[in-house]
1. Condition first: within 26 Å of the chain's Cα centre (by Cα) and not small (Gly, Ala, Ser). Now tell me which residues in the stretch 442-459 satisfy that.
2. Can you find a residue in the stretch 368-379 that is farther than 22 Å from ALA229 by Cβ and surrounded by fewer than 22 Cβ atoms within 10 Å (Cβ to Cβ)?
3. Scan the stretch 461-468 and give yes if some residue there is in contact with a helix residue (DSSP H, G or I) (Cβ under 7 Å, 6 or more places away or on another chain), buried (at least 24 other Cβ atoms within 10 Å of the Cβ) and closer than 18 Å to ILE413 by Cβ, otherwise no.
4. When TRP334 is evaluated against the numbered criteria (1) surrounded by 24 or more Cβ atoms within 10 Å (Cβ to Cβ); (2) of a type in the set (Phe, Trp, Tyr); (3) over 12 Å from the mean Cα position of the chain (by Cα), which criterion, by number, is the only one it fails?
5. Which of the residues spanning the stretch 63-122 are of a type in the set (A, V, I, L, M, F, W, C) and on the phi > 0 side of the Ramachandran plot?
6. How many residues does the stretch 113-133 hold that are in a helix (DSSP H, G or I) and either among the basic types (Lys, Arg) or without any contact (Cβ under 8 Å) to a residue 60 or more places away in the chain (or both)?
7. It is to be established whether one or more residues within the stretch 392-414 are part of a loop (DSSP other than H, G, I, E, B), more than 29 Å from the chain's Cα centre (by Cα) and touching a residue at least 12 places away in the same chain (Cβ under 8 Å).
8. Among all residue pairs at least 6 apart or on different chains, which show Cβ distances below 6 Å where the first residue, located in the stretch 416-433, is more than 15 Å from ARG385 (Cβ to Cβ) and the second is among the β-branched types (Val, Ile, Thr) and at pLDDT below 95?
Amino acid sequence: MIELLGEEASAEGAARTLDELCSREVISRHSGQRFEGEAQEEYRFRHALVRDAAYAMLTPADRALGHRLAGDWLERMGERDAATLAEHFELGGQPERAVGWHRRAAEQSFEGLDFAAVIERAERGVRCGATGEVKGALMALACEAHAFRAEWLDAAARGAEAIALSPRGSTPWCRAAAWLLHVGQGSRARADALGRELVASPPTPAVASAHGQACAMAVRALSFAGDYARSREYLAHIEGLDPSRLSGLARGYIASAASYLALCGDGDPWRALALIDESKAYFTESRYYSAAAIAQADRAMALAGAGDYAAAQRALESALADALREGNHFVVTWARMGLSDVLSRRGAYAEACEAARLAEATYSQGGSVPMAGACRGRLAMAHARAGDFEAAEKTAREAAAVRPMGRPYRAEILASLASILVVRGRADEALKTAESALELLASMGEGSQMGAPVLLAHAEALAAVGRTEEAAKAIAKARARLLERAARCPDPEARARFLSCISENARTLALAEAWIGA
């Protein structure tokens, strides 16, 4: 405190000044010490108005000097609040010293789930003169924060800047690549291009974890786009990394990527559940709660894929409540989209439509046209399950017209539209639409989770146009594929729920019994 009163102030004179200020109740003494080993007493202004008035009385030069002295002293004493240090050095006319502290402040804000503060600190670091790799690191942080705020276009822009400014394969480069993959909106080409760059850059031990995380995001992004063959290639690459070099966070992302591939690519929700639990444990242990929230929503999706809709609804509602409280709008939209499907399957049609519309609005506002289209597809399914086939057809056609879109969601929408057209009596168009969905399924692999609705829609469309023998063969194929998936479940009760509670599965079995006696 004496140092801050002026370099020429004597200890005795400073003490008298402090005593007088205390007697006038301008400041007050505090006996607690913020810094270990600091013997001096602490003083605080009694009122913010007095503090601000005293500050305003200083000349600009004195203010800057005071900030520099405060920053120097706090830095020496081990101040942990990076934002405080950045503020003092910036206001003290030392922007070059503020840059590093703005970067650390952005990291601290991320740890505290304050995504708006992450973006603000990154921007202030740039205004203070951050260039090159340091600016790249700030942009990588901003990219991730924008993603969690459901601002996908902004995330993509900041991620592209980070990639351009950072050395290929460096930690900031990998971090930006990871989130560019995550917000890639189902683009196979973009995901594969970044994935190839990653694989072509063998990581040093120092960046192994960031490399593993980014490769895991490539697996998830390509699975999201329906390119399961390439996803498996990248997963094999990750599994070849030295596990002793990987952080818990990286291992969490790898388990998460494997779970998504198991659920969507292999249609195995039971294995996906085990992997999701593993990933969430790693994220929680690493105190990376934003990713743990994604894992919680992913777990609900896997529960729905297993036909346990009651548990899926509870998990999604819990994830949604947590995400709304934390401002994690990435998870908010993901959970609402999942809730739309689960609620409509449980007969809560109005609530399902509302969840789909809210998710669609957020995706649209953030610039994710493909995911907005996928939500419109879920809205169409809710209308169909409620028996409003006119609204269902209109909405499904709107969803099918959206470009680009990941193949799994497009296949799901086309299968739904084909089923709606069968009910509406337009069998020829239904078959053509179902064949388009079947082509997408073939390009992904029939092990895909989309196999059940697509194969069922195709069989029903064949029957609707009178091609009964082909319909019987198609339903036999659908039944065989379904039973093959069910056989992976070790629990008889869960297996029975999977076959009976998922409407597409139950109808496949019922039609197989009616048409072929199986």
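The values are calculated or read from the model by the stated rules, or taken from the named source; none is laboratory data. What you see is a predicted model, and the numbers here were worked out from it, not measured in a lab. Neighbour counts are summed over all protein chains in view; Cβ atoms, including those assigned to glycine, are modelled from backbone coordinates with ideal geometry.
1. MET444, GLN449, MET450, listed by residue number.
2. yes
3. yes
4. With (1) surrounded by 24 or more Cβ atoms within 10 Å (Cβ to Cβ); (2) of a type in the set (Phe, Trp, Tyr); (3) over 12 Å from the mean Cα position of the chain (by Cα) applied to TRP334, the lone miss is (3).
5. The answer is LEU113, and nothing else.
6. 13
7. Checked the stretch 392-414: no residue is part of a loop (DSSP other than H, G, I, E, B), more than 29 Å from the chain's Cα centre (by Cα) and touching a residue at least 12 places away in the same chain (Cβ under 8 Å).
8. Going by the 6 Å Cβ cut-off, there are no qualifying pairs.
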